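Right, one structure below, let's go through it.
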């Protein structure tokens, strides 16, 4: 487990991280989301030792990280950092060798990753000749080529088309399934919702929400319900304590001011119609994000 413990950091007199604390569990994908300037990249750079924290610590499996421990990490920065004139496969092998892999293992890993990421036919091309999306895939391969035990990826889906996103998702999910803690930032909340097991929301340098995807959705469900009946659901508007949000034929989404109001709706529905569905509304991650950063 990767742990970020009470990490604070200032640049001059500006506090950019304020006692940031969260964990990334083994075998789980943790989405790290926040607006531009919220502190995501600064946190990731501190995890990797690129920046030092003013206070707090980073631990792996309960032990505070030492510089040599970070060789076990795979890191993808938001800014592309590959050598533009090197061939793609040559560069991956070089990076794997820097991490201590033998030549045969480095070549094997590079070849396998390029095939998995749909770049097998471009292995002999210079990085600068690739499209921006393919350069992004090559950057992801560079973060994975040395078989890291932990992944920290800053905006890995930036610039990828929908097909490339699915390709990258499959590769990252396989790493998580093998037991690696995976932390990734993204401003694409629809991708985060599909991919993440856990979510960390940061705003103004402070953690505003954290937990499992389903746990957070349940926590922020509030007093909004959804009802589907076989008849017309317009009568819901007449129930005391109910405020209709959306109404279409037999479907109604509504807020209630008490649990008794929700039960009144259900009782009326059962008496009038055949009830197809009745449940507390589960908010999307985008809705939760907007709620917690306000």
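Some observations on this one:
- Against the numbered list (1) at pLDDT below 90; (2) assigned to a strand (DSSP E or B), residue 201 comes up short only at (1).
- Any hit, segment 153-168, residues being at positive phi and touching a strand residue (DSSP E or B) at 6+ places or on another chain (Cβ under 9 Å): yes
- Qualifying residue in segment 213-220 (condition: farther than 22 Å from residue 281 by Cβ and either part of a loop (DSSP other than H, G, I, E, B) or modelled with pLDDT of 90 or more (or both)): no
- Answer from 229, 201 - the residue that is under 30 Å from residue 39 (Cβ atoms) and in contact (Cβ under 8 Å) with a residue 40 or more places away in the chain: 201
- Assessment of segment 9-21 against the conditions (under 24 Å from residue 145 (Cα atoms) and either surrounded by fewer than 16 Cβ atoms within 10 Å (Cβ to Cβ) or not assigned by TED's automatic domain parsing to the domain that holds residue 288 (or both)) yields no matching residue.
- Cβ pairs under 8 Å, 6+ apart, first in segment 41-56 and more than 15 Å from residue 153 (Cβ to Cβ), second in a helix (DSSP H, G or I): 49/67; 49/70; 51/42; 51/45; 52/46; 53/46
- Candidates 169, 189: the one that is touching a helix residue (DSSP H, G or I) at 6+ places or on another chain (Cβ under 7 Å), under 21 Å from residue 36 (Cα atoms), outside the structural domain of residue 258 (by TED's automatic domain parsing) and surrounded by fewer than 20 Cβ atoms within 10 Å (Cβ to Cβ) is 189.
- Within segment 62-89, the residues that satisfy the criterion of being surrounded by 12 or more Cβ atoms within 10 Å (Cβ to Cβ) and either free of Cβ contacts under 8 Å to residues at least 24 places away in the same chain or within 14 Å of residue 3 (Cα to Cα) (or both) are 65, 69, 70, 73.
- In this structure, residue 137 does satisfy being surrounded by 17 or more Cβ atoms within 10 Å (Cβ to Cβ), farther than 24 Å from residue 7 by Cα and touching a helix residue (DSSP H, G or I) at 6+ places or on another chain (Cβ under 9 Å).
- Matching residues, segment 255-294, being over 20 Å from residue 219 (Cβ atoms) and not in a helix (DSSP H, G or I): 273, 274, 275, 276, 277, 278
- Look at (1) under 18 Å from residue 92 (Cβ atoms); (2) in contact with a strand residue (DSSP E or B) (Cβ under 7 Å, 6 or more places away or on another chain) and you find that residue 181 fails only one, number (1).
The values are calculated or read from the model by the stated rules, or taken from the named source; none is laboratory data. Since we're looking at a predicted model, the values are computed, not measured. Glycine gets a Cβ as well: all are built from the backbone with ideal geometry, and neighbour counts include every protein chain shown.
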